[in-house]
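**Q** Take this structure, written in structure tokens, and hold onto it; I'll ask about it next.
Taken together, the values in this text are just the output of simple stated rules run on the coordinates, not laboratory data. Small disclaimer: the values here were computed from a predicted structure and weren't measured. Here the Cβ positions follow ideal geometry from the backbone for every residue, glycine too, while neighbour counts run over all protein chains shown.
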Amino acid sequence: MSKNRKKHEKDSEGNGKHKKSSEAVALKDGIYAKELGRLQIELVKLQEWVRHKGLKIVAIFEGRDAAGKGGVIKRITESLNPRICKVVALGTPTERDKTQWYFQRYVPHLPAAGEMVLFDRSWYNRAGVERVMGFCSEAEYMEFMHSCPEFERMLVRSDIILLKYWFSVSDEEQEKRFQARIKDPTKRWKLSPMDLESRRRWVDYSRAKDEMFSYTDIKQAPWYVVNADDKKCARLNCIHHLLSMIPYKDLTPEQIKLPEREKSNYVRPPISDQTFVPQVYKAG
């Protein structure tokens, strides 16, 4: 562990850091919204600590299609500054991308000091979809499996806090979510031909995940498995764990008092000179 990382952990001990829970909380009526709100306030405190201390955080979210990765990322970022907490969701590699060093397209998105980057799928595409669908050769696959742990160790040595989450969902629950997406016009776009093929190749993806873990579940950057059959529990458990992994202090500033507006002889231009959006909806 680097000197800076040790110093960060020493500075952060005790004072206002997120406390780990020893007992599970049953999500009865109203508990989910209350707990999510509380955790999101803690995320804002973490954000300020990251900015203040110049930390660099990378969180990777992987798992089967419809496992809930996007949902937890949305709840994490909901109240955060997009300049500090950024989401990376890369599309299909271009022909040029395919000729680069495999990790090259991901490196530009790594955080600078004072930033958090959330990868909605990551370099682990090679160990998952590319492996199962035959989009890479056996040699490319094995090179990735051997290079990935070294790449991640380099990130950790360079003071990046690397967290890797795997969202685990059962066959039955994934099927239920696929059916719900088919029926919901606002979610139908989430079902790509690749998603449908992954449904058919459930066992192949299971084997690929097991092999990926055997190579890349390393001490410096272990995989954390999130039981994702219940979306709400998965979101809260993941956010709670993320907060517990990064000691931080509450740097909430003193209550802000708004200054009085200066007096002036400003006269607003006529409203008729402006173009307004049509009021299709009006207050009741």
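**Q** What is the projected area of the convex hull of the Cα atoms of the chain, averaged over all directions, in nm²?
**A** 22.6
**Q** Based solely on its DSSP helices, what 222 nm [θ] is calculated for the chain when runs of n ≥ 4 H residues each add -39,500 (n - 2.57) and the sum is averaged over all residues, nearest 500 deg cm²/dmol? The partial results should precede the final answer.
**A** Details: 10 runs with 123 residues, N = 284.
Estimated from H runs of four or more residues: -13500 deg cm²/dmol.
**Q** If you wrap the range 40-154's Cα atoms in a convex hull and average its projection over all directions, what's the area in nm²? Display every interim value, and only then the final one.
**A** Values: hull surface 31.5 nm².
Over every viewing direction, the Cα hull of the range 40-154 projects on average to 7.9 nm².
**Q** In terms of the ratio Rg/(2.2 N^0.38 Å) built on C-alpha atoms, what value belongs to the range 172-224? Numbers along the way, then the final one.
**A** On the way: Rg = 14.8 Å, N = 53, 2.2 N^0.38 = 9.9 Å.
So the range 172-224 has a normalised radius of gyration of 1.49.
**Q** From the residues V132, A66, L118, which one has its Cα farthest along the dipole of the chain in the positive direction, the dipole being from +1 and -1 charges on Cβ of Lys/Arg and Asp/Glu about the Cα centre?
**A** It is L118.
**Q** Pairs of lysine in the range 84-217 with Cα under 19 Å and at least 8 positions apart or on different chains: total? Before the final figure, lay out each step's value.
**A** Details: K86/K164; K164/K209; K176/K187; K176/K190.
Lysine pairs meeting the criterion: 4.
**Q** Can you tell me, using C-alpha contacts under 8 Å and at least 6 residues apart, the relative contact order of the range 59-176 as a whole percent?
**A** On the way: 104 pairs, mean separation 52.9, N = 118.
Value for the range 59-176: 45 percent.
**Q** Going by a ≥ b ≥ c, the root eigenvalues of the Cα gyration tensor, does the range 135-199 fall in the rounded group (a/c under 1.5), the prolate group (a/b larger than b/c) or the oblate group? Let's see the in-between values first.
**A** On the way: a/c = 2.98, a/b = 1.93, b/c = 1.54.
Note, shape of the range 135-199 comes out prolate.
**Q** Please sort 43-52, 223-232, 192-201 by packing, taking for each peptide the average over its residues of neighbouring beta carbons within 10 angstrom, highest first. Intermediate values should be presented prior to the final figure.
**A** Values: 43-52: 19.3, 223-232: 17.2, 192-201: 13.2.
Highest-to-lowest ranking by the protection proxy: 43-52, 223-232, 192-201.
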